[in-house]
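Structure first, commentary second.
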């Protein structure tokens, strides 16, 4: 939980940690203030109140990703109810494009990080695997815009997708620690 | 035709390996022979009636017969009249002449198309357009040998009858998303590129003409600029014809093709501007300003006219639920009216046609029946195909016919300048454009764009329209135009395919994406959108979303019939698909069985081996049938909202709002 940061010195620390430039951090900070209505932390309701986000089929997962401890780069588990600016920035930093001069290992690491983020979004029960149920849930969310497309179809699609994956690899999608 | 069938059946039943190949050769020889025979017959019958109709004997004979019968009551004692036998069989060609000849030409064109595809190797080496021009040359030569005057590609015929189907086909099926994503680049190439080409070619040509030694000193500047503007426009017909066969990736295709469509406005304005002032002999600054304004009027006016007609067509289609049969007619007639209306005001007819087709399509497709949709699609494809074939054949015939005035210097300099101008233009523009693009255009892309700038029949027709009195050098211009067209279509058209392969340019993604790829791509799309919304960055497509929302709220309610406006597009699609599947099921005798029993977590025991598993895994999975997979893909693709461009990396703009 970060204390109220309006001092540029703190931004420097954040800039180093997340890789954003100071200008970008300033803009994001303003947005954070706007979302939290001047408080130091934001809750899920704050994010849910964004009007454009309401059209998004996977908004609950996106919002959840912000409160998921695993994305805070601190090897945490579970989720929190409110986050501060530092966590907000950390989650956002997953979407930074890679810098120009990265070595192949750094690129690889960056890629894994982003994939890890995505994986965490799917793996809602924090057990390190994505089961068919979770995947089905993802597909249902994606198709949820048109109400008439029932659960059956979504189920069928998720099953077919799982089959496809399984034909290339095996069983559950396990995050291989290597 | 039954002889062909006989041959194929006999030879295909042979079990021997070598025989089918020989059989194929024999087949093609016999088929080729038969086709040539048919062609000769048709040609002969084309040529002879033309000769017969112009001969005076038949007509006078009729007149004489009439005279005899007329004189009969006066010469009562005269037994000079011959009682004419009642004509059981008579020949009167003149009153069906024009439709007959048109039909013959169309038939010839279609037979040629048929013939090319029967010869296996030929269509893979030489693009169809080249072959058709060669056929045109042959036919023209034949007609000339017989002694008749070969018909020239009449500009009226071209612009009013042959061009609209092709453009409508292109506009109706224009892939909107890649087009709008790249519209900035396309406009740059179309407007700035064409202007650059026109002035570069025109100016330098004039400079060359002034050199001593060539006897071209009387070609004045404005005539040269006019020529430059005619020759500089990339031609959509030629581009379509060649690019269709090389299956290049979507981006390049839409770039070159979009450019060829949008440069029409520029060409129209430049052409009229220079034509007007070439008589006067000078262009003032005021005229240039007027020209710029005229360009805006022409382009925007054309689009406006097209949009109006498109909306009208969409609105009409809302009420056609009881008269399904004439639904396609509305699409065609409204579009053609849009084209003609734009031409009335000298606006850009091509842009009107494109706008009309693109605007009316989503609403019309929601309203019309499945059968009408198929009808529209295939009629458009058929007409545009026939038109294209006819255009190329006529181009060949006109080459033989037209009065030529060959001048080595002028023609070679023109060809070289066109190439140079194109390359320089593309390279220069790309340098500027790449500063604004995320997906930059690589050198390979630039090469293909430059190389794909083919000229075609539009340039020829515009040149043909030039007034001979005002432009004494018209024949010279025409010859040069034809040479450039031939050069681009033959040399560039034939070599572009091996070059594409050589440069390993990314081809169109033939392999469909797997289901997982679809799901994940859409997931990422939505994710990026959501993140953008959270960080308050409206992004490139904010106005697009606003347009979509406006579309959904107001426009769809007006233009789409009844309950369908509330129905998401997917449901209509789903219904159509269900019906199609039911039909397929009945036709195949209820064969397709969908795997319904799938374990909740994929268990790997006791399943049949799949086609190519990695050797470590012996276990495999129940196959998803092709039909099911296709269905799923289609559901995913159409249902999942495409809110943002998928190629975009997130931080396209820096976070400075």
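Observations on the model:
- Test: residue B:219 is outside any helix (DSSP H, G or I), farther than 24 Å from residue B:450 by Cβ and touching a helix residue (DSSP H, G or I) at 6+ places or on another chain (Cβ under 7 Å): yes
- Test for residue A:123: is it under 18 Å from the mean Cα position of the chain (by Cα), modelled with pLDDT of 75 or more and exposed (fewer than 15 other Cβ atoms within 10 Å of the Cβ): no
- Scanning the stretch A:43-64 for residues that are assigned to a helix (DSSP H, G or I) and within 17 Å of residue B:520 (Cα to Cα) turns up A:59, A:60, A:61, A:62.
- Flag for residue B:234 being surrounded by 24 or more Cβ atoms within 10 Å (Cβ to Cβ) and part of a loop (DSSP other than H, G, I, E, B): yes
- Hey, residue B:195 within 30 Å of residue B:409 (Cβ to Cβ) and in contact (Cβ under 8 Å) with a residue 60 or more places away in the chain or not: yes
- Search result, residues across the stretch B:153-171 that are surrounded by fewer than 23 Cβ atoms within 10 Å (Cβ to Cβ) and either under 11 Å from residue B:356 (Cα atoms) or at pLDDT below 85 (or both): B:154, B:155, B:156, B:157
- Single residue of the stretch B:529-542 satisfying the filter (under 18 Å from residue A:89 (Cβ atoms) and either surrounded by fewer than 20 Cβ atoms within 10 Å (Cβ to Cβ) or within 7 Å of chain A (Cβ to nearest Cβ) (or both)) that is modelled with the lowest pLDDT: B:536
- Which listed residue, of B:411, B:397, B:333, is buried (at least 22 other Cβ atoms within 10 Å of the Cβ) and assigned to a helix (DSSP H, G or I): B:397
The values are calculated or read from the model by the stated rules, or taken from the named source; none is laboratory data. This one's a predicted model, so the numbers in the text were calculated from it and none came from an experiment. Ideal geometry is used to build each Cβ from the backbone, glycine not excepted, and the neighbour counts take in all protein chains shown.
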